[in-house]
Structure formats: structure tokens, C-alpha cells
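K.L.:
Below are the C-alpha cells for one structure; questions will follow.
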Amino acid sequence: IHPNTTIANGDDASVHQIPKDSELVISTDTAVSGVHWPIDTPLDIATHRAVCAALSDLAAMGAKASWVWIAIMAKNTQDLEIMSKGIVQACTDHAVELAGGDTTSSPTNAITVTVAGLIPQGKSMTRHAAKSGDNIWILGDLGLSATGLKHWQAGSHDSPYISSFQSISPLLKQGVALRELGISCCMDISDGLVQDSGHIAR
């Protein structure tokens, strides 16, 4: 349990303290089978990926990831159990508390992930902090995930790029480090460099 959790998962809602001079950073993402992951993707991999993708938004703000809430929509009990394994593993991998959520029966497997983290007051890295003349720096490798997805969809499941699509590594430590260095503008570029750099430019 996170040290700032006062009422944990199991009640009608979770309750959390916000330390003095800190702010709460929150983001929500939804992923749907057949839309955000190929329907033949193993469900534990799909949900692990979904949690990590959501955590990447916290990294981009420079927040220390703290909590995750999950809403699972599952076609059956077996799928629910497999999806849950990926969620728990992602929370374990990145030392965040699974603070609550919901499960429901659905004709399509899907997951909604809400993540929250803490950041010193007024220190969030934001898109609108960009200024004309700023340099753009990129952290990580580009294009490998998209290539892995194309190979998976083409049936090349033994491609060396498959792992790049199936496994997302949220750069949480790097986000905090950039914020501590005084970087004021940052953005998760999971939608693609060209599209997201356009957001920064605007």
C-alpha cells in the first residue's frame, strides 16, 4: 500500500493524502480489443501494455507514479483472470498501488486505466511551456513499436520487433529526472513523432 493511502482497495472508494506543497497528476486511458490491440494478442500482454501506456502520461508530466485504478470489461471469467494477471504484473513492475476499480461483463474485452502520481507544486512539465526557438529532444527509440505491430498483423510472430510492440516501458524515472533538471515542457509521443511534435509546435 502506498504511504499516502489512508483507505485502500476494498471499500466503496480509496482515500489518499496529498502531501503539503504537492499536486496530484491524473490521467485516464481506454484500450479495446481489435482497436488498440490485435484480437489475437495474449490478453495479459494487452492489459500490461495498457497500464504501462497510461503510466507513460505521468512520466511525461514528471510525476512520481503512485496509484492505478482499473475498469475491466471482459467477455468471460477466463478472459477476466488472464487480463488481471497483466494488470497486477504491470503494477508490480512499476511499484504502483492498485487502488481500486470495477469489472463488468462485455461482448468485447476492454480496459480503462486511471493513473495518478504526485509532483511538487507548480513543477509539472506541460506542452504549453514550449517556446519558439526551443530544441526538441527525443528519449528512446522511434518506430519499433509500429514495426512490431505491422509484423504481428502480417503473421510474423517471431519477428525481433514484436517485443517492442507488446512491451511498453514507461520512462518514469527519466521523467522525474528531467523535471528535476528544470525541463518545463515534455510530452508522451506514443501517437507518433510527427503528430505530437505538431502539438508542441502549436
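The values are calculated or read from the model by the stated rules, or taken from the named source; none is laboratory data. Since the model is a prediction, treat every value here as computed from it, not as a measurement. Here the Cβ positions follow ideal geometry from the backbone for every residue, glycine too, while neighbour counts run over all protein chains shown. Note: accessible area is taken over every heavy atom of the protein model, side chains too, but ligands, DNA and RNA are not part of it. Shrake-Rupley method; radii C 1.70, N 1.55, O 1.52, S 1.80 Å.
K.L.:
Just to check, using Stokes-Einstein with a Kirkwood Rh over alpha carbon pairs, what's the diffusion coefficient of the stretch 112-151 at 20 °C and 1.002 mPa s in µm²/s? Before the final figure, lay out the partial values.
P.N.:
Values: Rh = 14.4 Å.
Approximately 149 µm²/s, per Stokes-Einstein.
K.L.:
Further question on the same structure: Just name one of Thr92, Pro170, Thr103: the one whose Cα is farthest towards the positive end of the charge dipole of the stretch 55-194 (beta-carbon charges, Lys/Arg +1, Asp/Glu -1).
P.N.:
Most positive-ward Cα: Pro170.
K.L.:
What FRET efficiency comes out for the pair Thr108/Asp196, r = Cβ-Cβ distance, R0 = 25 Å, nearest 0.05? Please report the intermediate quantities before stating the final value.
P.N.:
Details: r = 28 Å, r/R0 = 1.11.
The computed FRET efficiency comes out at 0.35.
K.L.:
Of all alpha-carbon pairs in the stretch 112-196, indicate the percentage at a distance above 16 angstrom.
P.N.:
Working: 2266 of 3570 pairs.
Above the 16 Å cut-off, the stretch 112-196 has 63 percent of its Cα pairs.
K.L.:
Determine which aspartates and glutamates satisfy two conditions relative to Lys85: a Cα distance under 13 Å, and not lying fewer than 8 residues away in the same chain.
P.N.:
Asp44, Asp93
K.L.:
Something else about it: Farthest toward the dipole's positive end in the stretch 47-196, which of Ser159, Met187, Met73, given Cβ charges of +1 (Lys, Arg) and -1 (Asp, Glu) about the Cα centre?
P.N.:
Projecting each Cα onto the dipole axis, the largest value belongs to Met187.
K.L.:
With springs only between Cα atoms under 10 Å apart, run a GNM on the chain and tell me which of Ser106, Ser56, Ser33 wobbles the most.
P.N.:
Result for the chain, Cα springs under 10 Å: Ser106 fluctuates most.
K.L.:
Helix check for the chain. Which DSSP H runs span at least 15 Å along their own axis by Cα, with a mean Kyte-Doolittle hydropathy no less than 0.0?
P.N.:
Once both thresholds are applied, what remains is 43-61.
K.L.:
So, one more: At most 14 other Cβ atoms within 10 Å and a DSSP loop assignment: could you name the trypsin sites (Lys or Arg not before Pro) in the stretch 17-78 that fit?
P.N.:
Working: sites: Lys20, Arg49, Lys64, Lys75; in loops: Lys20, Lys75.
Sites meeting the loop and neighbour criteria: Lys20.
K.L.:
For the stretch 33-82, report the % of Cα-Cα distances exceeding 15 Å. Numbers along the way, then the final one.
P.N.:
Values: 647 of 1225 pairs.
When all Cα pairs of the stretch 33-82 are counted, 53 percent exceed 15 Å.
K.L.:
Based on Cβ point charges of +1 for Lys and Arg and -1 for Asp and Glu, what charge dipole magnitude is obtained for the stretch 1-109 about its Cα centre, in debye rounded to the nearest 20? Intermediate results must be reported in sequence, preceding the final value.
P.N.:
On the way: 5 positive and 13 negative charges, 26 e Å.
Here the size comes out at about 120 debye.
K.L.:
Report, in whole Å, the centroid distance computed from the Cα atoms of the stretch 64-85 and the stretch 140-201.
P.N.:
Taking the Cα centre of the stretch 140-201 as reference, the centre of the stretch 64-85 is 23 Å away.
K.L.:
Quick one: which residues, 5+ away or cross-chain, put their amide H under 5 Å from the amide H of Thr103? H built at 1.01 Å from N.
P.N.:
Ile72
K.L.:
Something else: At 1.4 Å probe size, with the rest of the protein present, what percent of the exposed accessible area of the chain is carbon and sulfur atoms? Intermediate values should be presented prior to the final figure.
P.N.:
On the way: 6110 of 11550 Å².
Roughly 53 percent of what the probe reaches on the chain is carbon or sulfur.
K.L.:
Right, another one. Accessible area per residue of the chain at 1.4 Å probe, in Å²? Please report the intermediate quantities before stating the final value.
P.N.:
Values: 11550 Å² over 202 residues.
It amounts to 57 Å² per residue over the chain.
K.L.:
Straight distance only, please: which lysines reach the Cα of Lys64 with their own Cα at less than 19 Å, same-chain residues fewer than 8 apart left out?
P.N.:
Lys20, Lys123, Lys173
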